[in-house]
Structures are given as C-alpha cells and as structure tokens.
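Just so you know, all these numbers are worked out from the coordinates, no wet-lab data involved. These numbers were taken from a predicted model, which means no experiment stands behind them. Every residue, glycine as well, gets a Cβ built from its backbone with ideal geometry; the counts of neighbours run over all protein chains shown.
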Amino acid sequence: MTSSADPIGTDRALVVGIGLIGGSVALGLKAAGWHVSGLDTNPATATEALELGVVDEIGDDAAASVIFICVPAADVSHVARALLDDRSDVDVVVTDVAGVKRAIVEQIDDPRYLGGHPMAGSEQIGVAGARADLFVGATWVLTPSATTTPAAYSTMLSVVNQLGAQALALDPGDHDRLVALVSHVPHLVASALMDEAADAAKSDAALLQLAAGGFRDMTRVAAGDPGIWPDVCRANREAILESLDELQRRLSDLRTAVSDSDEEALLSVLERSSAARQALPSRSSTEGGLSTLRIPVADRPGILAEMTGLAGDLGISVADVEIAHSVEGARGVLLLVVPSHQADRLAEAVRATGTPCAVEAL
C-alpha cells in the first residue's frame, strides 16, 4: 500500500453492477478517458452494457485502480470485502454508491475502502437509461472512516471531479439522517401521491389528464426503479421513520389550518417554505479561486475523517487533501484545499476544536 498522499494511478476502473448508476459511472469515466470493465450477476445486462458501449469489456480487471460497487445496499459489504481480499497486496480504491452508509462502513475495515453516494438519479431504469453526464453538477457524498488513507480520499476526489460532481465529506450516520429527509422520504411521498392519483383516476379518468407541471415535478422520482427502495428503507429505517413522523405532524397542522380557514397559519407555512426553496444553495463552484488550510495534526487514524467531516457539516466541498508527514515525531500537517470564499469559515470551525489553522490562497 502506498504511503504517498498523491492519487493512485487512475486509468482503469471496474464497475460491479451495471444498472442506471453503475452504467452512468462507466460512461462518465469513459468520457474522461478511462478504460472501464464491468461485472453484473445478470448475463443479459452485461451483454447489453457491452453492446451499448457502456463498458469496454465484461469481466474482472486485476489492473483496475478504482472499483465502483453499484449493487443493492444489502450486498455492498460482502462484495467489497471479497474484492479487497482478492487484492490484498494491490493499490486500489474500492467505493460504493449505496444510498445508506453507516451499516456498510461499519462492516468494512480496510484503508482502501471509502464509502460514497452520488446525489443524482433519473426516472429511467437500467443500463439503457445510463448517461455520461448524470453526475455533472451533483453532490457526491464521501464518508471517510477512521482507517481511510489520504491517498484513497485524494483519489476519489479526483475521480468525482472527473465525473463532474462536487465531493462533500460526511460522517456515515449524519449522511443517513440527512438523506432520509432530502431523498428517501421525498421518494416515498412522491410514490404515495402518485398512488393516490392513480386510484382516483380509476373512477375519474380525466384526473391524470389534468396533471400539470407541479404534479409531474413532485412525482417524477416515483417513476424510478422500485426494486432498490425496500432495501434502502430497511437499512435506514430509523431515520426514515423519524422524518415521516415529523412530516406527518406538519401535514396535520396544515390540515387543521385548512379546516379552520386559518389564513394566517397557511400563509406562514407557505411564505416560509417559499423563502427556503428560493434560498436553496446553487451548485458548488470554485469561482473566486481556491485556498489551502494548513492544519497541524497528530498522525493518527481518524484525523482525516474528523477534519473533512467538519467541512461536510458546513456544506463545504474539499477540492484536494494531503497529509505532509513530519520527519520528527508522530505529527504532520493536514492540507485541505477548499473554495476561497469558504476557507475562513472552515478555519474558524477548526480553531474552535482547539486546533490551530492557517489559510493560504492558491
């Protein structure tokens, strides 16, 4: 295993599970000049991926420097461990794209593994719906653990950037809690609304013809692959239930406001939500340049996850990372490259932990 913080050679990749997401990863990497091999348990899917040009070849690739595991969440950990065991002495980074992270990360204790989750999708299903630009402008969550090496993290930052996405580091548990609210529950709500409309349309055929932009926007995700969701709901059950309970409370309050013709209560909710929707952050940008945070740290497992986690908590994307090891003692300097307009905010958060930090514009 290399001790350098420089990205491991990145010219060959293996994608395990060539569906919509796996196929889009493969196409995005091919567009960036990679050679991509693919594996899938369904021979027909593998053949289709090859015929569509989604992958360059079918089969394992011992020379792959990055492996994307794009299988159901329940299968990720054993697939990852098997691939890592087969490559015990190989410089490789193994990642996954599952929508839940904590249960997976806790089961894989290997410095070459780094959990991931691209916040992108499509109503299309299967490899035929794969797109090379699916991740352009999207947030790609990375969940470094106590064992994740700077080399593995730096490699994934480079790969995510090549796919057009912006990396955001989060603690695996924080990821699951937040994604329940912004991804899992919205899909369930969209499915419930679509199911209700479909049932109503059985007795009133004109209903679905009235479905205009707002209804279609709200229910678009309900057209996605149903097969992945039971697994996601099982793996992230507690966070999803908590978010559903809170949403149910808010819907009950709205029902009461409508029932009571309480215009003030209705306007209060509608105005708050309108302002919040308009204030949603735009896609990340490095306009204004980049800056380096120099953070002297103890050279110990977990320090990378702690400091990148601070950035993730603030919604700050880390563009590059390195640990410069000291020739004396067990200390080093962690270098985090972030957008300049966010550097001071992150530096303040670092200093609040009692750790000194210097900022230098690139």
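Would you mind calculating the gained length between residue 348 and residue 206 on full extension (0.36 nm times residue separation, minus the Cα-Cα distance), in nm to one decimal?
On the way: separation 142, 0.36 × 142 = 51.12 nm, distance 5.76 nm.
Computed gain between residue 348 and residue 206 is 45.4 nm.
Each residue of the range 162-177 in turn: what ³J(HN,Hα) in whole Hz from Karplus with 6.51, -1.76, 1.60 and θ = phi - 60°, glycine and Pro shown as x?
Using θ = phi - 60°, the values come out as 5, 7, x, 9, 10, 7, 9, 8, 9, 4, x, x, 5, 4, 5, 5 Hz.
Of all DSSP beta bridges in the range 76-211, what percent run antiparallel (nearest 5)?
Working: 4 of 10 bridges.
About 40 percent, rounded to the nearest 5.
What is the order of 294, 277, fewest Cβ neighbours within 10 Å to most?
With the sparsest Cβ surroundings first, the list reads 277, 294.
Name the most mobile residue of 141, 94, 79, meaning the one with the largest mean-square fluctuation, in a Gaussian network model of the chain with Cα contacts below 10 Å.
Top of the fluctuation ranking is 79.
Test of understanding: in a Gaussian network model of the chain with alpha carbons linked when under 10 Å, which of 248, 166, 278 would top the mean-square fluctuation ranking?
Per the Cα network of the chain with a 10 Å cutoff, 278 tops the list.
In the range 12-170, what % of DSSP beta bridges are antiparallel (nearest 5)?
15 percent
Between residue 58 and residues 5 or more places away or on another chain, which pairs have amide H atoms under 5 Å apart, with H built 1.01 Å from N, and which residues are they?
38
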